[in-house]
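Presented below is the structure to which this report refers.
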Amino acid sequence: MPSFWEKVNVNGADMDIYASVPDGDGPFPAVVVAQHASGVDKFIQDMADKLAVAGYAAVAPDLFHRITDEMVESTGKSKRDQLNDPLIIDDINATVDYLVNHSSIDSEHIGVTGFCMGGRVAWLAAATNSFIKAAVPYYGGNIMVSWGDATEPPLALTSGIKCPVLFHFGEIDENPSQADMLVMDRELSANSVPHQFYTYPGANHAFMNPANPPRYQRVAAEMSWPRTLDFFGAHLCGPPASGYDGPACE
């Protein structure tokens with residue numbers, strides 16, 4: 001299972017992406033993996049690798065590529081707090097374009113997942129990029145808040161989602177809370193977006209990440225991941241026009 005770093009051009013600037021692909025020549029269905037606030041770290045790379053084992057080409061863009069350590073020091077704001085929704089959309093679109101134009105990718109079957117702020121990004125990506133055919137946000141907070149120059153939060157863009165959504169929530173998470181879940185459910189339903197929500201008892205934010213012991217919950221992690229793979233298997237491999245018949249499509 002090859003994995004590597006590559007650069008993608010976004011509006012004249014280079015953005016690093018981590019890519020992990022199945023063995024073989026493809027073409028493979030693909031999943032964009034949106035990072036959490038810690039960046040494209042070992043956890044995000046591990047999740048991309050797990051998707052590759054399941055038969056998907058997985059790519060994780062570095063959404064912090066414009067934000068330097070000097071900017072953090074001078075502003076006193078974290079990299080996450082300096083993100084800008086219009087630029088996030090540009091980064092996701094450039095990542096999807098990279099996949100669509102790659103000969104080993106089945107461009108008709110591209111999904112997105114993300115963790116923490118990446119769950120928010122997954123919602124935003126699904127609402128703004130028509131190539132996305134399935135979206136799986138994990139505990140995406142701040143979906144009702146706009147970032148940077150955006151005039152509307154991701155929730156207000158829900159009508160743009162033209163794919164099914166699977167959302168994983170922690171029961172005791174405060175962002176997104178169970179009340180937030182009800183708001184998102186109503187908005188997806190109002191826009192006729194097929195969706196499934198799962199809430200994991202006793203689970204908090206970041207329950208997937210074993211590097212965060214206070215919040216990691218093995219039971220929730222082990223329950224949610226097969227559901228994610230089943231969801232992608234149903235919506236990204238049914239059957240591809242390319243004829244790909246790899247592990248994820250069996």
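The values are calculated or read from the model by the stated rules, or taken from the named source; none is laboratory data. This structure is a prediction, so every number in the text was calculated from the model and none was measured. No Cβ is skipped: glycine too gets one built from the backbone with ideal geometry, and neighbour counts run over all protein chains shown.
Figures for the structure shown
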quantity: Any pair with Cβ under 9 angstrom, 6 or more apart, that starts in region 1-24 at a residue that is more than 14 Å from N93 (Cβ to Cβ) and touching a residue at least 60 places away in the same chain (Cβ under 8 Å) and ends at one that is surrounded by 13 or more Cβ atoms within 10 Å (Cβ to Cβ) and polar (S, T, N, Q); calculated: V21/S3; V21/S104; G24/S104
quantity: Qualifying positions in region 140-176 - surrounded by fewer than 22 Cβ atoms within 10 Å (Cβ to Cβ), outside any loop (DSSP other than H, G, I, E, B) and not hydrophobic (A, V, I, L, M, F, W, C); calculated: T158, S159, G160
quantity: Given (1) of a type in the set (V, I, T); (2) touching a residue at least 24 places away in the same chain (Cβ under 8 Å); (3) touching a Ser or Thr at 6+ places or on another chain (Cβ under 7 Å), number of the condition V72 does not satisfy; calculated: (2)
quantity: Complete set of residues in region 216-235 that are farther than 24 Å from A57 by Cβ and in contact (Cβ under 8 Å) with a residue 40 or more places away in the chain; calculated: Q217, A220
quantity: Matching option when the condition is under 20 Å from T113 (Cα atoms), among the small types (G, A, S) and assigned to a helix (DSSP H, G or I), among A19, A94, A30, A58; calculated: A94
quantity: Residue within region 90-109 that is touching a Lys or Arg at 6+ places or on another chain (Cβ under 9 Å), at pLDDT 95 or above, aliphatic (A, V, I, L, M) and under 20 Å from E6 (Cα atoms) present; calculated: no
quantity: In region 64-82, the residues that are surrounded by 15 or more Cβ atoms within 10 Å (Cβ to Cβ) and either small (G, A, S) or under 16 Å from the mean Cα position of the chain (by Cα) (or both); calculated: F64, R80
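Listed here are the residues, each with its yes/no results for (1) closer than 25 Å to L51 by Cα; (2) aromatic (F, W, Y); (3) in contact (Cβ under 8 Å) with a residue 12 or more places away in the chain.
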position: G114; (1), (2), (3): yes, no, yes
position: A134; (1), (2), (3): yes, no, yes
position: V165; (1), (2), (3): yes, no, yes
position: G170; (1), (2), (3): yes, no, yes
position: E174; (1), (2), (3): no, no, yes
position: A179; (1), (2), (3): no, no, no
